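Before anything else, here's the structure in question.
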Amino acid sequence: MENGGRQRARQAELAAFLRAQRAGLRPSDVGLPEGAAPARRRTPGLRREEIAELAGISVTWYTWLEQGRNISTSAQVIDALARALSLDDDQHRYLRDLAGLPAPERKPSDDAQARLRRLVDAAAPNVASVYDVNFDYLAWNKPYALIRHDPGRYPRERRNLLWMMFTDAEIRTRLVRWEPAARSVLSQFRAAAGRHPGNLRFASITRALSETSAEFREWWTEYPVRSFRPAIIGIDHPEAGRLHLELFQLHPAERPDLLLVMQVPVGKTALRRITALLGT
């Protein structure tokens, strides 16, 4: 199916999804008075006017969405509709996907955080860490702290991969080829920032690094954008010696907005050295 056909199919699915969710709601579900008895309503569920009012958008605009017209929608409008329709997290994500938007940003709950920690701990002796959309650390395991660096040494607002890559002297010393690695992370960060316009955390990190790092300030103006490429990095560890790690990036199915990065020892020697360092 050509791009135009896929776009029309997605618009039709968006329209059908909105109509179905609206039909399944009663006024009392969204805090509105029942008014006329449901039997006297000409259509099941809420009226278009009621959804539009709850979402703070025009009735005409909402009607066009339900008709599958070729109109663009902002994240603010889609999120407002998700609230008006009382969508759960899965439905909200699906609505954003149909609208051609990235998944909604949200912080993991305490239970989800514990689950992420169990995941990275179980990955040992592989080096493992999990990041949110801003490249802020959510979880990391013991091998990561020992072989790469320990994000726990930083205040929470500075536990960010890009910040550490450009400001942590230990990272710069241990990486065999720091500049290509730093440029790669910067390019991925810039691409992620473009997918989340208006994200204040991206702007805060960029501003702070522009004031702190000359390399970041120079490279940022070059507007680098590049997605992840498989790579093997070299680490000069003060105790374990030279280690080579192969990089993998994965997204948990339950939270595709999060990023799991695995750094797998290359060869038996690297694995043996890491295992010895861990004392296992």
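The values are calculated or read from the model by the stated rules, or taken from the named source; none is laboratory data. Remember, it's a predicted structure, so these values are computed and weren't measured experimentally. For neighbour counting, all protein chains shown are included, and Cβ atoms are generated from backbone atoms with ideal geometry for every residue, glycine included. Remember, those area values only see protein heavy atoms, side chains included, never the ligands or the DNA or RNA. Shrake-Rupley method; radii C 1.70, N 1.55, O 1.52, S 1.80 Å.
Are any residues in segment 255-276 part of a helix (DSSP H, G or I) and either under 30 Å from Ala192 (Cβ atoms) or small (Gly, Ala, Ser) (or both), and if so, which ones?
Within segment 255-276, Gly267, Ala270, Ile274, Ala276 meet the criteria.
Right, here's the next one. Name the pairs whose Cβ atoms lie under 6 Å apart, with the first residue in segment 62-86 and under 15 Å from Glu49 (Cβ atoms), the second open to solvent by 20 Å² or more (accessible area, probe 1.4 Å) and among the basic types (Lys, Arg), and 6 or more positions between them or separate chains?
Tyr62/Arg48; Thr63/Arg48; Glu66/Arg19
Say we look at segment 18-40 and pick out the residues that are under 18 Å from Ala82 (Cβ atoms) and among the small types (Gly, Ala, Ser); which of these is modelled with the lowest pLDDT?
Filtering first and then ranking leaves Gly31.
Pick from Ser184, Ser129: which is assigned to a strand (DSSP E or B) and either within 27 Å of Pro224 (Cβ to Cβ) or over 14 Å from the mean Cα position of the chain (by Cα) (or both)?
Just one listed residue meets the conditions, Ser129.
If you take the residues in segment 51-84 that are more than 16 Å from Ala103 (Cβ to Cβ) and of a type in the set (Asp, Glu), which one is least open to solvent (accessible area, probe 1.4 Å)?
Per the criteria, the residue is Glu66.
A further question on this structure: I need the full set of residues from segment 212-234 which are assigned to a helix (DSSP H, G or I), touching a Lys or Arg at 6+ places or on another chain (Cβ under 8 Å) and open to solvent by 20 Å² or more (accessible area, probe 1.4 Å), in order please.
Trp220
Quick one: Asp132 ticks every box in (1) touching a helix residue (DSSP H, G or I) at 6+ places or on another chain (Cβ under 7 Å); (2) in contact (Cβ under 8 Å) with a residue 24 or more places away in the chain; (3) under 18 Å from Leu186 (Cβ atoms) bar one, so which box is it?
Condition (1) is where Asp132 drops out.
For segment 203-238, how many residues are farther than 30 Å from Gly267 by Cα, in contact (Cβ under 8 Å) with a residue 24 or more places away in the chain and not small (Gly, Ala, Ser)?
10
Scan segment 160-182 for residues that are out of contact with any Leu (no Cβ under 9 Å at 6 or more places or on another chain) and without any contact (Cβ under 8 Å) to a residue 40 or more places away in the chain and jot them down.
Listed by number, the residues that qualify are Leu161, Met164, Asp168, Ala169, Glu170, Ile171, Arg172, Trp178, Glu179, Pro180.
I've got another one for you. Quickly run through segment 139-160 and pick out the residues that are part of a helix (DSSP H, G or I) and open to solvent by 60 Å² or more (accessible area, probe 1.4 Å).
Lys142, Leu146, Arg153, Arg156, Glu157, Arg158
Applying the selection to segment 85-100, what residues are open to solvent by 40 Å² or more (accessible area, probe 1.4 Å) and either outside any helix (DSSP H, G or I) or within 30 Å of Val264 (Cβ to Cβ) (or both)?
Correct list: Ser86, Asp88, Arg93, Gly100.
Now, a different point. Are any residues in segment 239-251 part of a loop (DSSP other than H, G, I, E, B) and either among the polar types (S, T, N, Q) or in contact (Cβ under 8 Å) with a residue 60 or more places away in the chain (or both), and if so, which ones?
Listed by number, the list holds a single entry, Ala240.
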